[in-house]
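Student: Before we start, here is the structure in question, set down as structure tokens.
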Amino acid sequence: MKTYIDSDILIWYLRGKKEALSFLQKISGAEDELVIGAMQRAEVVFFMRPEEESATLQFLDLFDTISVNREIIDIAGRYYRKYRPATAIDINDAILAASCSITGGRIYTLNKKHYPMREITVQRAW
């Protein structure tokens, strides 16, 4: 099963938060495939500092990155239009949710409210 890691967890790990380290250690021993969405990788890469580049890219390379394609974007667009008026969903969340809905699996995040879609499984990391 694919286990998607949202960018909030990645960022907290890179900032040294103990809970993020413990969580990632715990799930890395599972048989699930740890993945991130292309947009979650972008959220981290776009905002890293030059001195963080090497360590950050090494860390991100531990995860498979799911590419964005036309099918994912079309589903993400439907999610965004449907849930945006009532929730805090953004484009990156919609794309991750669409990726998960197509490939199966679950999303771990700290912001479950960003993923109101009933057809995907979302769990709070800690």
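Every number here is computed from the coordinates shown, using simple stated rules; none is lab data. Bear in mind the structure is a predicted one, so any value in this text is a computation, not a measurement. For neighbour counting, all protein chains shown are included, and Cβ atoms are generated from backbone atoms with ideal geometry for every residue, glycine included.
Student: GNM, the chain, Cα, under 10 Å: largest mean-square fluctuation among ARG84, ARG70, ARG15?
Tutor: Answer for the Gaussian network model of the chain: ARG70.
Student: Hey, in the GNM for the chain with a 10 angstrom Cα cutoff, which one of ARG78, ARG49, ARG106 fluctuates hardest?
Tutor: ARG49
Student: Now for a different question. Quick check: Cα centre of the stretch 69-123 to Cα centre of the stretch 24-60, how many Å?
Tutor: If you average the Cα positions of each part, the centres end up 19 Å apart.
Student: With Cβ to Cβ distances under 11 Å as the rule, what net charge do the other residues near LYS2 carry (K, R +1; D, E -1)?
Tutor: Numbers: positive: ARG106; negative: ASP32, GLU33, ASP64.
Charge balance in the 11 Å sphere: -2.
Student: Hey, another quick one. Quick one: go through the stretch 83-126 and flag any residue whose amide nitrogen is under 13 Å from the point 7 Å out along the Cα-to-Cβ line of ILE73.
Tutor: Within reach of a label on ILE73: 95.
Student: Angle check, please: helix 91-103 long axis (alpha carbons) against the longest principal axis of the chain (alpha carbons), in degrees 0 to 90, nearest 10.
Tutor: Compared with the principal axis, the helix lies near 80 degrees.
Student: Treating the angle as unsigned and between 0 and 90°, give the value, to the nearest 10°, between the Cα long axis of helix 70-83 and the longest Cα principal axis of the chain.
Tutor: Long axis of 70-83 versus the principal axis of the chain: about 70 degrees.
Student: On to the next question. Given a cut-off of 17 Å, what percent of all Cα-Cα pairs of the chain lie beyond it? Let's see the in-between values first.
Tutor: Working: 4320 of 7875 pairs.
Value for the chain (Cα pairs over 17 Å): 55 percent.
Student: Need the full-extension length gain, ASP90 to SER54, defined as separation in residues times 0.36 nm minus the C-alpha distance. One decimal, nm. Could you put the intermediate results ahead of the total?
Tutor: Numbers: separation 36, 0.36 × 36 = 12.96 nm, distance 2.82 nm.
Difference between extended and current length: 10.1 nm.
Student: Right, another one. Show me the chymotrypsin sites (Phe, Trp or Tyr not before Pro) within the stretch 4-106 that DSSP assigns to loop and that have at most 16 other Cβ atoms within 10 Å of their Cβ. All intermediate terms of the calculation are to be shown ahead of the outcome.
Tutor: Details: sites: TYR4, TRP12, TYR13, PHE23, PHE46, PHE47, PHE59, PHE63, TYR79, TYR80, TYR83; in loops: PHE63.
Taking the stretch 4-106 and a limit of 16 other Cβ atoms within 10 Å, no loop chymotrypsin sites (Phe, Trp or Tyr not before Pro) are found.
Student: Between MET1 and GLU31, what is the label-to-label distance in nm when each label sits 7 Å out along the Cα-to-Cβ direction?
Tutor: About 1.2 nm, to one decimal.
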